[in-house]
1. Counting other C-beta atoms within 10 Å, and keeping those with at most 11, which DSSP coil GluC sites (Glu not before Pro) do you find in segment 47-86?
2. Would you mind putting 86-93, 98-105, 191-198, 162-169 in packing order, based on average other-beta-carbon counts within 10 Å, highest first?
3. Treating the chain as a set of equal point scatterers at the Cα positions, no solvent, please give the Debye-formula log₁₀ I(q)/I(0) at q = 0.08, 0.13, 0.16, 0.17 Å⁻¹.
4. Counting other beta carbons within 10 Å of each residue's own, what order do Thr21, Thr132 fall into, fewest first?
5. If I stretch the segment between Ala87 and Leu124 completely, what's the gain in nm (0.36 nm per residue apart, minus their alpha carbon distance), one decimal?
6. In deg cm²/dmol, rounded to 500, what helix-only [θ] at 222 nm does the chain give when every DSSP H run of at least 4 residues adds -39500 (n - 2.57) and the total is split over its residues?
7. Rank these for me by crowding, Lys19, Lys80, going from fewest to most other beta carbons within 10 Å.
8. Once fully extended, how much extra length lies between Arg31 and Glu140, figured as 0.36 nm per residue of separation less the alpha-carbon to alpha-carbon distance?
Amino acid sequence: MSSSSARFISFEGIDGAGKSTHIEAVSARLRERGATVLNTREPGGTPLAETLRGLFLHEGMDHLTEALLVFAGRRDHLVKVIEPALAAGQTVVCDRFADASFAYQGHGRGMDLQVLATLEQWVLQGRQPDLTLWFDLPAEQAAQRRAAAREADRFEQQDLDFFNRVRAGYAARAAAAPQRFVRIDASGDIASVAAQVAAALEARGW
Ligand SMILES: Nc1ncnc2c1ncn2[C@@H]1O[C@H](COP(=O)(O)OP(=O)(O)OP(=O)(O)O)[C@@H](O)[C@H]1O
Ligand SMILES: Cc1cn([C@H]2C[C@H](O)[C@@H](COP(=O)(O)O)O2)c(=O)[nH]c1=O
């Protein structure tokens with residue numbers, strides 16, 4: 001891959017699906033092939049958006065406020081970090097992006113998907129990842145992994161029904177954009193998941 005081939009790759013999935021476990025290996029692989037890789041995340045990615053992240057994860061708020069906050073942070077992130085990096089020919093690897101808003105605020109919280117689509121249009125102006133790796137895992141299994149790993153934030157405290165809806169939300173987004181999404185079966189061991197991720201990159205010649 002030449003350093004001028006800008007790519008935008010997002011990682012998605014319910015909490016505890018295993019995204020973060022694979023992000024550094026993906027970035028290392030792309031760097032080995034010549035890319036300049038920028039690792040970032042949402043909510044967050046800029047000082048302002050990281051401040052909003054703290055509120056988003058820990059303060060109580062209504063669902064529309066939650067969606068507006070995450071899209072406000074996303075706008076700052078897009079304008080200050082993602083677009084300049086892509087314009088400079090870098091590869092952007094982002095832990096979650098706008099699909100998460102449809103899955104969590106839309107399907108999880110029950111917000112009107114059309115309102116989210118309008119926000120997406122205003123904020124992203126058509127920008128979408130080139131590839132979205134969706135780590136798909138049953139909610140029960142993800143909960144077991146989370147329980148062993150860390151203290152729960154406002155989202156991670158939600159029940160299995162919530163995460164089943166979020167998972168269905170990702171499935172709907174994947175079905176609507178099959179050329180962009182690759183479903184990774186995240187239920188196996190770390191090596192089997194890593195092999196699927198590598199195959200998805202290999203298939204694109206990345
Ligand atoms: N394939 C796997 N099998 C068993 N455990 C795993 C697997 N992948 C990751 N884990 C473990 O599950 C926990 C959650 O993984 P990780 O933090 O990568 O998930 P995540 O999708 O990034 O979660 P979040 O989005 O909530 O931060 C960690 O303790 C990690 O070590
Ligand atoms: C981008 C985005 C995220 N969320 C939720 C999903 C997770 O529960 C947290 C982020 O935590 P992580 O450990 O960094 O994965 O935020 C959301 O509800 N909506 C979004 O758009």
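1. Values: sites: Glu50, Glu59, Glu66; in loops: Glu59.
Sparse-neighbourhood loop GluC sites (Glu not before Pro): Glu59.
2. On the way: 86-93: 18.2, 98-105: 25.4, 191-198: 15.6, 162-169: 20.2.
Result, highest mean Cβ count within 10 Å first: 98-105, 162-169, 86-93, 191-198.
3. Scattering profile of the chain, log10 relative to I(0): -0.25, -0.69, -1.09, -1.24.
4. On the way: Thr21 15, Thr132 25.
Going from sparsest to densest Cβ surroundings: Thr21, Thr132.
5. Working: separation 37, 0.36 × 37 = 13.32 nm, distance 1.51 nm.
My answer for the length gained is 11.8 nm.
6. My calculation for the chain gives -15000 deg cm²/dmol from helical runs alone.
7. On the way: Lys19 23, Lys80 15.
Ranked by crowding around the Cβ, least crowded first: Lys80, Lys19.
8. Roughly 35.8 nm would be gained on extension.
Every read-out reported here was derived from the displayed coordinates using simple, explicitly stated rules and does not represent laboratory data. Owing to the predicted nature of the structure, the values given are computational and were not obtained by experimental measurement. Using ideal geometry, Cβ is built from the backbone for each residue, glycine included, and neighbour counts are taken over all protein chains shown.
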